[in-house]
Amino acid sequence: MQIIYMDSYHGQKSVIIAGDRKAIQMLRNVFSLQDAPIGSLLMKIGHDEAKFKGGISELNVYTATYDDVISKDSKLEWFISDESIRFCLGLVDGLLSSSDSGHQYVYSRPINIQIVISKDEYPPENSLR
């Protein structure tokens, strides 16, 4: 898995969560935990789990009653509502059901930092270093 931060991806600050089918399936498994209590840490992705690019070193995903992505030092914190988790499950299922590469934007409305989920579009993780 790769976590790529860009100051301007189609004109907006963005985080691209990229990976092969296995990585995207792992992400789907995390979103399947949608009944976790508000404020729960759903996922902590560090250097052991992913390669980072763009000046960040960690991504933490929390359940919340709202949607936002906050950059703190070199860490990103993604707060995701139940409604958005259900929406993400549909996006990820669409990516997994296709044999083609592709990506999906998690939010169609403006948000502080856009999240993009990408399957098989970026070079293998070992090419980042």
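The table below gives the values:
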| item | result |
| --- | --- |
| Spin-label model distance (nm) - Gln12 vs Arg86, 7 Å beyond Cα toward Cβ | 2.2 |
| Tensor-based shape of region 23-70 (alpha-carbon gyration tensor, a/c under 1.5 rounded, otherwise prolate or oblate) | oblate |
| Ordering of 101-112, 74-85 by burial proxy (mean other Cβ atoms within 10 Å per residue, highest first) | 74-85, 101-112 |
| Region 2-123: antiparallel DSSP beta bridges as a percent of all, rounded to 5 | 55 |
| The chain - percent relative contact order, Cα under 8 Å, separation 6 or more | 28 |
| Where N is the number of residues in the chain, Cα Rg divided by 2.2 N^0.38 Å | 0.97 |
| Per principal axis, descending, Cα span of region 59-129 in whole Å | 34, 31, 19 |
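Laboratory data are not the source of any read-out in this text; all were calculated from the coordinates shown. Remember, it's a predicted structure, so these values are computed and weren't measured experimentally. We place every Cβ from the backbone using ideal geometry, glycine too, and count neighbours over all the protein chains shown.
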